[in-house]
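**Q** Have a look at this one.
The values are calculated or read from the model by the stated rules, or taken from the named source; none is laboratory data. Predicted model only: the values in this text are computed from it and were never measured. Heads up, the Cβs are rebuilt from the backbone with ideal geometry, glycines too, and the neighbour counts pull from every protein chain shown. Quick note on the areas: whole protein, heavy atoms, side chains included, nothing else; ligands and nucleic acids left out. Shrake-Rupley method; radii C 1.70, N 1.55, O 1.52, S 1.80 Å.
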Amino acid sequence: MKKFQISAGIITAVCVILIIVFGLVQTGLSKKLDCQRVVSRWAADGTRYAQLTAVISPYAGFDESAAAGSVPSAIDSALTGASISSSSENEDARLYAYAYSAETDVTLSREDPENGKAIKSGIKATATGVGKDFFLFHRLKMLSGQYFNTDDKIFTEQCVIDNNLAWQLFGSSDVVGREIEVNGVTFNISGVCEVDPDYKQFYGENGRMFLIYSTLKKVTVGDDGSLPITCFEICMPDPVTNFASDAVAKAISADETEYELIENSARFTDRGLLANLKTSAERSVRQKLVVYPYWENTATILADKAAGLYLFKFVPIVIICLLAVTEIVLFYINRKKIFTAAVEAVKRWWKNYRYSHPKKTKKLKKGEETGAAKV
């Protein structure tokens with residue numbers, strides 16, 4: 001039994017180390033994508049918040065009037081109905097942040113500013129039209145310049161391009177203030193961002209640019225055309241589990257096959273990882289008419305890896321539990337021997353104690369006699 005206990009101790013120590021290692025790697029994965037941790041940046045007053053992403057089918061007809069109008073209005077009503085208000089003294093403080101985006105392909109070119117002749121033309125790029133707090137959710141790594149104001153109604157022909165496009169068009173990434181043409185319309189470059197290696201797998205082969213949604217719609221399909229918004233993101237109060245997700249689902253008000261709601265803030269929690277494992281088989285069959293943006297594709301892969309680690313983390317936990325149960329069973333089987341050995345051990349200890357601590361006799365005073373002498 002002693003040999004078993006020694007072996008069990010070694011195995012338990014190894015299992016504990018494995019649990020710690022798996023936990024650290026899992027935590028690292030959850031912190032890898034900044035766009036998945038908006039709650040930590042937005043919620044500062046102690047209120048419980050949730051971050052959610054609705055990936056919407058282009059056939060759902062979800063447009064700016066919904067993304068910037070009816071959906072926020074429905075969210076306001078849900079928060080008012082739940083008696084949730086800002087604890088800030090600032091009347092302009094917002095309870096929640098939200099963003100929306102659409103994606104399409106465009107053709108870029110640039111001209112010589114002196115003679116107006118085309119220097120570069122026919123450059124294919126992926127354009128993401130963004131609105132509201134997009135750059136709060138997606139803090140692009142800027143190499144130069146800065147973001148544009150998504151609510152700007154005057155200087156609407158502004159854009160951020162990635163360094164791939166900057167080198168294709170200008171042979172440099174230091175191009176802030178230069179002009180390019182998007183489908184024949186002149187835009188001013190407000191910033192150049194880095195192609196984040198964390199997103200490289202799903203970022204796409206083409207260079208990418210970001211511009212105001214309404215402007216992208218204007219230069220691609222015209223004011224009367226349709227450019228479906230396919231991603232809506234929000235960070236809002238979530239006083240009880242599923243309050244935020246229920247409010248957003250009700251606000252979007254689309255058929256279940258036309259959108260998918262993802263709770264980013266729960267993605268790497270125990271609840272989220274267990275749900276990931278339960279639905280892994282179902283997710284291999286696409287039943288919804290949605291296309292994930294590159295950041296959600298990347299987050300899904302990371303969540304799958306974290307779920308795998310979470311599953312493997314249970315293996316050493318199960319081993320520790322089995323060893324504990326085995327110890328209990330062995331103790332029960334050998335209870336008489338263990339009790340007898342314990343009693344013998346106590347007797348030996350007592351005997352040794354008495355031997356090392358002999359009882360001291362009382363010292364007689366001068367003139368006193370013992371009882372035996374008196375008799």
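**Q** How high is the relative contact order of the chain? Use alpha-carbon pairs under 8 Å, at least six apart in sequence, and give a whole percent.
**A** This gives 26 percent for the chain.
**Q** Over 16 Å apart: what share of the alpha carbon pairs of the stretch 238-321 falls there, rounded to a whole percent?
**A** Distances greater than 16 Å cover 62 percent of the Cα pairs.
**Q** Collect residues whose amide H, placed 1.01 Å from N in the peptide plane, falls under 5 Å from the amide H of Gln158; neighbours closer than 5 in sequence don't count.
**A** Under 5 Å from the amide H of Gln158: Asn188, Ile212.
**Q** Give me a comma-separated list of calculated 3J(HN,Hα) values for the stretch 144-153, in order, Karplus coefficients 6.51, -1.76, 1.60 applied at θ = phi - 60°, integers in Hz, x for any Gly or Pro.
**A** 7, x, 8, 5, 9, 7, 5, 9, 5, 9
**Q** Right, another one. Using a Förster radius of 41 Å, what is the FRET efficiency between Asn242 and Asp151 based on their Cβ-Cβ separation? Nearest 0.05, please.
**A** 0.85
**Q** If you average 1/r over all unlike Cα pairs in the stretch 166-309 and invert the result, what Kirkwood radius do you get in angstrom? Intermediate values should be presented prior to the final figure.
**A** Details: mean 1/r = 0.0539 Å⁻¹.
Result for the stretch 166-309 stands at 18.6 Å.
**Q** Which percent of the accessible heavy-atom area of the chain goes to carbon and sulfur, probe 1.4 angstrom?
**A** Ligands and nucleic acids excluded, carbon and sulfur give 56 percent.
**Q** Let me ask something additional. Over the alpha-carbon set of the stretch 1-61, divide Rg by the Kirkwood Rh and report the Rg/Rh ratio to two decimals.
**A** 1.34
**Q** While we're here: Might you report the magnitude of the Cβ-based charge dipole of the chain about its Cα centre, with Lys and Arg at +1 and Asp and Glu at -1, to the nearest 20 debye?
**A** 5280
**Q** Next question, about the same structure. Ranked from highest to lowest mean number of other Cβ atoms within 10 Å per residue, what is the order of the peptides 324-335, 233-244?
**A** So the peptides 324-335, 233-244, ranked by packing, come out 233-244, 324-335.
**Q** Could you check the spin-label model distance between Ala44 and Asp270? Points 7 Å from the Cα along Cα→Cβ, value in nm.
**A** With each label placed 7 Å out from Cα toward Cβ, I get 3.2 nm.
**Q** Pull out the extension gain between Leu322 and Asp105, defined as 0.36 nm times the separation in residues minus the alpha carbon to alpha carbon distance; nm, one decimal.
**A** 72.4 nm
**Q** Need one number: nm distance between label points at Tyr332 and Arg139, each 7 Å from Cα along Cα→Cβ, rounded to one decimal.
**A** 5.5
**Q** Another question about this same structure. Å³ per residue of the Cα convex hull, for the stretch 196-240?
**A** Per-residue hull volume (Cα only) is 163 Å³.
**Q** Sum -39500 (n - 2.57) across every DSSP H segment of at least 4 residues in the chain, then divide by the residue count to get the 222 nm mean residue ellipticity, nearest 500.
**A** One gets -13000 deg cm²/dmol as the mean residue ellipticity at 222 nm.
**Q** Moving on to the next point. Computed FRET efficiency, Cβ-Cβ of Thr12 and Val185, R0 56 Å: what is it to the nearest 0.05? The partial results should precede the final answer.
**A** Values: r = 67 Å, r/R0 = 1.20.
With R0 = 56 Å, the Cβ-Cβ based efficiency is 0.25.
**Q** If you don't mind, there's one more thing I want to ask. Where only protein heavy atoms count, and the probe is 1.4 Å, what is the accessible area per residue for the chain in Å²?
**A** Using a 1.4 Å probe on heavy atoms only, each residue of the chain averages 59 Å².
**Q** A follow-up question, please. How big is the stretch 102-192 on each of its three principal axes, counting only the C-alpha atoms and giving the largest first in Å?
**A** Over the stretch 102-192, Cα extents along the principal axes are 38, 24, 23 Å.
**Q** Additional query: Go through the stretch 288-300 residue by residue and turn each phi into a ³J(HN,Hα) via Karplus (6.51, -1.76, 1.60, θ = phi - 60°); whole Hz please, and just put x for glycine and proline.
**A** After applying 6.51 cos²θ - 1.76 cosθ + 1.60, I find 10, 8, 10, 10, 5, x, 4, 6, 6, 4, 5, 5, 5 Hz.
**Q** Length gain on complete extension for the stretch Lys31 to Ser214, per 0.36 nm per residue less the alpha carbon to alpha carbon distance?
**A** 62.6 nm
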